[in-house]
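**Q** Okay, handing you the structure first.
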Amino acid sequence: MITYDDIIAASLTGPTPYEWEPGGCLKMVNHYHPFSIKPIEFQTIYDYIIAHGLRRGFEIGTGVGISALAASLAMRETGGRMITFDSYIEESHNHYLAYTELSDVYDKSADAYRGLEYISRVFGLETVLSQQIGRSPEGVAPTVRAQYGVDKLDYVMIDAEHTDAGLTRDLEAVRPFLAENHAIFIHDAHCFTPELVAEARWFPECMLPHGWNLAVIERFNSSPSSHQLSDVNHPHAA
Ligand SMILES: C[S@@+](CC[C@H](N)C(=O)[O-])C[C@H]1O[C@@H](n2cnc3c(N)ncnc32)[C@H](O)[C@@H]1O
């Protein structure tokens with residue numbers, strides 16, 4: 001498994017160098033925000049996708065690109081594809097809540113876009129990972145349809161606007177596209193009103209001093225063989 005030091009080292013020769021932020025995430029050297037997921041969350045996402053054989057991923061909130069990288073590395077093993085989606089508003093406003101009343105959508109010149117494009121090439125993920133630009137909720141449906149046609153999503157990651165209204169919008173936006181068997185990961189789940197994430201299962205290994213950070217809403221209804229559920233020896237099994 002690649003480490004965050006490997007990612008930093010790879011980024012140094014690209015357009016957007018990354019560095020550790022003091023809380024243990026990665027960030028771009030030239031921006032205070034956004035922050036990435038943490039290494040234990042990276043590993044948890046990677047392990048979960050492989051254990052469940054997930055193959056059609058969609059993420060709202062590319063940010064630094066690290067959760068998309070974890071999912072893409074796993075999807076390379078499962079034979080899947082990963083789409084990550086962002087409006088790049090956070091790096092422009094440089095604060096994770098500064099933009100809640102705004103709806104700017106930036107473009108491929110965003111530092112985070114260019115950084116992930118480079119890192120994805122370094123790790124050989126060009127055929128697995130697609131970076132899309134747009135704003136949730138309005139950009140989600142056209143993006144998912146354009147990328148997947150009628151195929152449904154079995155992995156969703158939401159790490160965008162950290163407000164109840166934002167999460168509600170993101171959940172509604174992806175709902176029509178969910179496969180019967182699917183997992184919706186929610187990052188920074190402690191930021192939301194508990195009722196909103198009542199169905200979610202939290203990952204104890206990802207617990208932080210200020211809360212429980214990574215959670216998943218899972219639906220695995222059909223027989224294990226139909227979605228390669230291999231939880232028997234899996235440390236994250238419910
Ligand atoms: C905390 S970062 C995601 C970090 C990412 N998971 C990682 O590991 O690097 C949140 C991102 O969500 C994006 N975002 C926030 N609201 C959005 C919206 N409504 N639509 C699209 N992207 C949004 C921000 O621009 C920001 O880049």
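**Q** Relative contact order, percent, of segment 4-221 when contacts are C-alpha pairs under 8 Å separated by at least 6 residues?
**A** Relative contact order here is 18 percent.
**Q** So what's the gap between the Cα centers of segment 26-48 and segment 83-129, to the nearest angstrom?
**A** 13
**Q** With θ set to phi - 60° and the Karplus curve 6.51 cos²θ - 1.76 cosθ + 1.60, what are the ³J(HN,Hα) couplings of segment 141-157 in order, to the nearest whole Hz, using x for Gly and Pro?
**A** Here the 3J(HN,Hα) series is 4, x, 5, 5, 5, 5, 8, 10, x, 8, 5, 9, 8, 10, 9, 10, 10 Hz.
**Q** Next question, about the same structure. Please name which of Q147, M157, W212 has its Cα lying farthest along the dipole of segment 117-224 towards the positive end, using unit charges on Cβ (Lys, Arg +1; Asp, Glu -1) and the Cα centre as origin.
**A** Of Q147, M157, W212, it is Q147.
**Q** What is the local net charge at L125, summed over the other residues whose Cβ is closer than 13 Å to its Cβ (Lys, Arg +1; Asp, Glu -1)?
**A** 0
**Q** What does the extension gain come out to for W212 and Y148, with contour length at 0.36 nm per residue minus their alpha carbon separation?
**A** Stretched fully, the W212-Y148 segment lengthens by 19.8 nm.
**Q** Just to check I understand the Karplus step: with θ = phi - 60° and J = 6.51 cos²θ - 1.76 cosθ + 1.60, what whole-Hz values come out for segment 50-57, glycine and proline as x?
**A** 5, 4, 9, x, 6, 9, 10, x
**Q** Beyond 21 Å, what percent of the Cα pairs of segment 4-221 remain?
**A** 50
**Q** Report ³J(HN,Hα) in whole Hz for each residue of segment 63-75, in order, from the Karplus equation J = 6.51 cos²θ - 1.76 cosθ + 1.60 where θ = phi - 60°; Gly and Pro get x.
**A** Whole-Hz 3J(HN,Hα) from phi for segment 63-75: x, 5, x, 7, 5, 5, 5, 4, 5, 5, 4, 5, 5.
**Q** Separate question: Place a +1 charge on the Cβ of each Lys and Arg in segment 55-164 and a -1 charge on the Cβ of each Asp and Glu, then give the dipole magnitude about the Cα centre in debye, rounded to the nearest 20.
**A** For this selection, approximately 600 debye.
Here, each number is a calculation from the coordinates, and none is a lab measurement. Fair warning: this is a prediction, and the values are worked out from it, not measured in the lab. With ideal geometry, Cβ positions are generated from the backbone for all residues, glycine too; neighbour counts draw on all protein chains shown.
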